[in-house]
Amino acid sequence: KKKVMSKVVLLGPPGCGKGTQSQILVENFKFFQLSTGDLLREQTSKENSPYGKEIINIMNKGDLVPDEIVINLIIEKISVFKDKSIIFDGFPRNLNQARVLNNSLEEKSIKLDHAILIEVDFKILEKRILKRAKESNNKKRLDDNIETLNKRIDVYKNITLPIVSYYKDKGILSLVNGMDSIESVNKEILNIIN
Ligand code: AMP
């Protein structure tokens with residue numbers, strides 16, 4: 001019997017562990033991770049990137065990069081990976097992106113199986129990101145400082161959170177407790193997916 005490939009959106013505030021959980025799904029469960037943050041960082045670090053300083057400034061401030069840029073990056077990748085299991089990490093981040101993702105998958109006769117919200121208290125998030133900001137390894141990011149973090153949390157609450165009810169209405173929303181250990185969160189996610 002042919003294994004069904006899942007398409008999963010991971011939702012949650014900055015620092016909730018989306019990246020970590022995606023990584024586990026990639027390394028152990030043959031998922032392909034589509035992270036718009038990673039795609040944008042990859043693009044902006046290129047010498048002749050069509051996306052200049054403007055985009056880097058937006059990211060460093062913690063604002064959202066314009067939809068048309070992000071959507072083009074992700075649609076291209078969906079076509080490449082459409083027959084695989086995909087984890088969407090950091091996309092969609094607003095209702096328009098959620099609708100575009102939906103339409104684009106529908107066009108390809110693909111269904112989005114799950115939207116998983118990783119919930120973490122905002123106080124705890126602040127501590128996590130401050131810790132990440134202090135670590136002087138290559139995980140450090142320019143947008144891991146307290147000003148940008150506050151902005152990113154604001155953007156999350158005001159612009160990204162409405163997506164949660166969008167997926168709830170579609171009947172594909174699941175919640176996991178992001179304050180549990182990495183292993184338990186991973187178990188919860190696998191239970192939802194399988
Ligand atoms: P992330 O690595 O997911 O935390 O994303 C880092 C930054 O990239 C965000 O703060 C935004 O500026 C930008 N970004 C990532 N994904 C998106 C998206 N789906 N829509 C708009 N901007 C995004």
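Looking across segment 4-15 at every residue that is away from the ligand (no atom under 15 Å from the Cβ) and either touching a Gly at 6+ places or on another chain (Cβ under 7 Å) or not in a strand (DSSP E or B) (or both), the one that is modelled with the highest pLDDT is identified as Ser6.
Just so you know, in segment 90-114 the residues that are away from the ligand (no atom under 14 Å from the Cβ), of a type in the set (S, T, N, Q) and at negative phi include one that is surrounded by the fewest Cβ atoms within 10 Å (Cβ to Cβ), and it is Asn103. Could you please let me know if Ile118 is modelled with pLDDT under 95 and touching a strand residue (DSSP E or B) at 6+ places or on another chain (Cβ under 8 Å)? Answer is no for this residue. Residue count for segment 26-53 under the criterion of being under 12 Å from the mean Cα position of the chain (by Cα) and among the small types (Gly, Ala, Ser): the result is 2. Val176 meets all of the listed conditions (1) within 13 Å of the ligand (Cβ to nearest atom); (2) modelled with pLDDT of 95 or more but one, namely (1). Residues in segment 16-40 that are crowded, with 17+ Cβ neighbours inside 10 Å and assigned to a loop (DSSP other than H, G, I, E, B): Cys16, Gly17.
Only a single criterion out of (1) over 26 Å from Lys157 (Cα atoms); (2) of a type in the set (Val, Ile, Thr); (3) surrounded by fewer than 18 Cβ atoms within 10 Å (Cβ to Cβ) is not satisfied by Ile78, namely (3).
Restricting the search to segment 174-194, which residues are more than 20 Å from Lys7 (Cβ to Cβ) and part of a strand (DSSP E or B)?
At the first step, the residues of segment 174-194 found to be more than 20 Å from Lys7 (Cβ to Cβ) are 177-184, 187.
Passing the criteria: only Asn177.
Residues in segment 52-79 that are more than 11 Å from the ligand (Cβ to nearest atom) and over 14 Å from Ser35 (Cα atoms): Gly52, Lys53, Glu54, Ser79.
Residue by residue, here is whether (1) modelled with pLDDT under 95; (2) among the small types (Gly, Ala, Ser); (3) assigned to a loop (DSSP other than H, G, I, E, B) holds:
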{"residue": "Glu42", "(1), (2), (3)": "yes, no, no"}
{"residue": "Tyr51", "(1), (2), (3)": "yes, no, yes"}
{"residue": "Ile86", "(1), (2), (3)": "no, no, no"}
{"residue": "Ala98", "(1), (2), (3)": "no, yes, no"}
{"residue": "Lys111", "(1), (2), (3)": "yes, no, yes"}
{"residue": "Ile124", "(1), (2), (3)": "yes, no, no"}
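Could you say whether any residue in segment 133-140 is at pLDDT 95 or above, under 23 Å from Gln23 (Cβ atoms) and away from the ligand (no atom under 14 Å from the Cβ)? Taking every residue of segment 133-140 in turn, none turns out to be at pLDDT 95 or above, under 23 Å from Gln23 (Cβ atoms) and away from the ligand (no atom under 14 Å from the Cβ).
Regarding segment 151-161, can at least one residue be identified that is within 30 Å of Met5 (Cβ to Cβ), β-branched (Val, Ile, Thr) and in a helix (DSSP H, G or I)? Before the answer, list the steps.
Initially, segment 151-161 is screened for residues within 30 Å of Met5 (Cβ to Cβ), giving 156, 159-161.
Narrowing the set further to residues that are β-branched (Val, Ile, Thr) leaves 159-160.
Checking which are in a helix (DSSP H, G or I) leaves us with 159-160.
Within segment 151-161 (the criterion being within 30 Å of Met5 (Cβ to Cβ), β-branched (Val, Ile, Thr) and in a helix (DSSP H, G or I)), the answer is yes, since at least one residue qualifies.
The values are calculated or read from the model by the stated rules, or taken from the named source; none is laboratory data. Bear in mind the structure is a predicted one, so any value in this text is a computation, not a measurement. Cβ coordinates were reconstructed from backbone atoms using ideal geometry, including for glycine residues, and neighbour counts include every protein chain displayed.
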